[in-house]
1. Pick out which of Lys122, Lys197, Lys81 has the largest mean-square fluctuation in a Gaussian network model of the chain, springs linking Cα atoms closer than 10 Å.
2. So which residue, out of Ala92, Ala199, Ala56, gets the largest mean-square fluctuation from a GNM of the chain using Cα contacts under 10 Å as springs?
3. For the chain, set up a Gaussian network in which alpha carbons nearer than 10 Å are linked by springs, and say which option among Leu170, Leu59, Leu125 fluctuates the most.
4. Given the convex hull of the Cα atoms of the chain, what is a quarter of its surface area in nm²?
5. Rounded to the nearest whole Å², what accessible area per residue is found for region 166-253 with the 1.4 Å probe?
6. Mind giving me the nanometre distance, one decimal, between the label points for Tyr252 and Lys226, set 7 Å out from Cα along Cα→Cβ?
7. Please label the shape of region 16-111 as rounded, prolate or oblate, based on the square roots a ≥ b ≥ c of the eigenvalues of the alpha-carbon gyration tensor (a/c under 1.5 means rounded; beyond that, a/b larger than b/c means prolate, else oblate).
8. Quick one: length gained pulling Lys218 to Thr75 fully straight, 0.36 nm per residue minus the C-alpha distance?
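The values are calculated or read from the model by the stated rules, or taken from the named source; none is laboratory data. Computed from a prediction, not measured in an experiment: that's the story for all the values here. In this analysis, Cβ positions are derived from the backbone assuming ideal geometry, glycine residues included, and neighbour counts consider all displayed protein chains. Note: areas computed on protein heavy atoms with side chains; ligands, DNA, RNA excluded. Shrake-Rupley method; radii C 1.70, N 1.55, O 1.52, S 1.80 Å.
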Amino acid sequence: MRPYILAESNWKYIKGQSFDLAILPWGATEAHNYHMPYGTDIFEADFFASETARIAWELGAKVIVLPTIPFGVNTGQADIKLDINMNPSTQAAIISDIVATLDRHGIRKLLILNSHGGNDFKSMLREIGLRFPNMFLCSCNWFQSIDKRQFFEHEGDHADEMETSLMLYLNPDLVLPLSEAGEGVEKTNNISAFREKWAWAERRWSQITADTGVGNPKAATKEKGKAYADAVIEKVGKFIYDLAKMDVKEMYE
Ligand SMILES: [Zn+2]
């Protein structure tokens with residue numbers, strides 16, 4: 001039993017414990033090019049939550065990892081078979097119930113550790129935070145914590161070289177040979193404002209990519225995956241330690 005993982009813990013242990021920070025890993029269930037499993041974002045969420053919590057715990061922070069939520073916002077992939085969409089309003093209801101539980105039991109900080117680009121918790125945390133003034137709520141996209149270009153040749157944001165390398169490191173038995181992967185070519189929007197990203201519209205996934213991937217995975221290796229994962233764990237683990245130790249009344253200087 002890892003003492004910072006709620007799903008592995010028992011009542012005998014938990015009833016005598018106090019925690020400063022709860023970590024809620026959040027994934028998605030969706031196609032990842034031809035070669036990677038639907039649960040890729042879930043495996044990543046489980047891995048990064050448990051490993052970053054381990055670092056923080058070993059430094060002396062009282063953190064507890066909640067079970068991973070397996071479904072994300074996939075509204076733009078409605079026509080891709082068995083991509084399971086969870087609407088933002090459903091996510092907000094789940095967060096609200098979890099925050100109420102944490103608040104009741106005196107765990108006053110929550111970090112949502114997000115693995116899926118379609119999930120955006122900002123407006124939810126603003127609204128729920130207003131209802132729970134004793135709670136500190138925040139979210140973190142681990143995939144934005146480190147500049148990927150230090151580790152990978154090809155850009156991308158879904159089932160790309162980074163994600164494929166990670167899965168070759170974490171769950172190689174679930175990755176098909178790279179010869180079976182598509183190229184992950186993304187079509188660009190005809191309107192420059194969207195390309196330049198100062199205007200936003202949801203991408204219609206089946207129109208922008210033929211194989212569901214965005215980013216060429218062919219140069220992925222297990223070694224790149226490990227090097228990148230180690231860098232993310234170190235940086236996000238330190239962040240989680242700081243968050244657990246932070247005095248919410250003395251956050252700014
Ligand atoms: Zn993914």
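1. Result for the chain, Cα springs under 10 Å: Lys197 fluctuates most.
2. Ala199
3. Greatest mean-square fluctuation among the candidates belongs to Leu59.
4. In nm², the orientation-averaged hull projection of the chain is 14.9.
5. In whole numbers, region 166-253 has 66 Å² accessible per residue.
6. 4.5 nm
7. Note, shape of region 16-111 comes out oblate.
8. Between Lys218 and Thr75, full extension yields 48.7 nm more.
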